[in-house]
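The values are calculated or read from the model by the stated rules, or taken from the named source; none is laboratory data. Everything numeric here is computed off the predicted structure, so don't read it as measured data. When we count neighbours, we look across all protein chains shown, and the Cβ atoms used for this are built from the backbone with ideal geometry, even at glycine. When the accessible area is computed, the model is the full protein with side chains, heavy atoms only, and any ligands, DNA or RNA have been set aside. Shrake-Rupley method; radii C 1.70, N 1.55, O 1.52, S 1.80 Å.
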Amino acid sequence: MLLRGLCVAPLMLSGAYTAQITTTTRESINGIGASGAWWVNDVALFPAEVRQNISELLLNQNSGVGMTDYRYNLGDSGVGVGTWDRAPETPYISDDVYNWSADAADTFFLKEAACHGIPIITLFVNSAPTAMTNNSENCGGTLITERILAYVQYLADVISYWKTQGVDIAHVSSMKQPDNNFDDGDPTTLCAQEGMQFVPEQRAELVMTLAAILKAAVRTST
Ligand SMILES: *[C@@H]1O[C@H](CO)[C@@H](O)[C@H](O)[C@H]1NC(C)=O
Ligand SMILES: *[C@@H]1O[C@H](CO)[C@@H](O)[C@H](O)[C@H]1NC(C)=O
Ligand SMILES: *[C@@H]1O[C@H](CO)[C@@H](O)[C@H](O)[C@H]1NC(C)=O
């Protein structure tokens, strides 16, 4: 009852807080961008012209918002996921065998980001392919430790392929939300999106193996 009156106008405590505006750099922001999860799948349902216009509005450096960052969601086929637009296709068929035509919804905006000259393109992954998770699904599981090398080789192969297509991927987010496998705890329902756990003991090995494989890939391509 007493609180009701306070909702009408903010309570002013004069002099209680002060703001200081300074020209000293506190934090540097390198760019502003967007992640290709999960709207690219919805946008793919629209006519091609609409999708192209959305790309121009977001990515065109002159006439559009001119985003400086784009995050490409490398899909993993959404096994175990019940939300259709959070279950992207994957280029992975088996180790070293890929289908580069897969996941047109995600790769459309990846290619658009490159041709608009977006400075920072990041590849991120929600789950490894089912052949590398301990529950053979794209959510609710954990990366199989013995498959760390196969997983990072897959990431490096995807990055190398896109380089041959003129798409330079600057950053890799190989462990997105490593504590959350997106299992809702109910065995009778599907997950809301892809996700995979990395247990703490796997993380250093993953990062070091990925660094070694990427360095080797750079040496091979130059
Ligand atoms: C796409 O953008 C062009 C140029 O601004 C405009 O003429 C056209 O009507 C747009 N198309 C749609 C479907 O919105
Ligand atoms: C590759 O992906 C495309 C798009 O989903 C699909 O039509 C085609 O059948 C796939 N090819 C193979 C060999 O899996
Ligand atoms: C997968 O590994 C995690 C972490 O070790 C474990 O908790 C979970 O029970 C495993 N799942 C299966 C299906 O083996």
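Excluding same-chain neighbours fewer than eight residues apart, the lysines reachable from residue 215 by a Cα-Cα span under 17 Å are 163.
A probe of 1.4 angstrom, applied to the heavy atoms of all protein chains, finds residue 218 with accessible area near 90 square angstrom. Ignoring aspartates and glutamates fewer than eight residues from residue 176 along the same chain, the ones with Cα atoms less than 15 angstrom from its Cα are 76, 194. Cα centroids of the stretch 47-67 and the stretch 175-222: 31 Å apart. The portion of the accessible surface of the chain made up by carbon and sulfur, rounded to a whole percent, is 56 (1.4 Å probe; DNA, RNA and ligands excluded). The calculated pair-distance distribution of the chain uses every alpha carbon pair, bins of 5 angstrom beginning at 0, and gives 1, 6, 12, 15, 16, 14, 10, 7, 6, 5, 4, 2, 1, 0, 0 percent.
With a Förster radius of 30 Å applied to the beta-carbon distance between residue 165 and residue 201, the computed FRET efficiency rounds to 0.25. Quick note on the stretch 144-189: its Rg to Rh ratio, both from C-alpha atoms and Rh being the Kirkwood radius, is 1.14.
Computed with a 1.4 Å probe over protein heavy atoms only, the accessible surface of the chain comes to 58 Å² per residue. Antiparallel as a % of all DSSP beta bridges within the stretch 31-221, to the nearest 5? Of all bridge pairs located within the stretch 31-221, approximately 15 percent are antiparallel.
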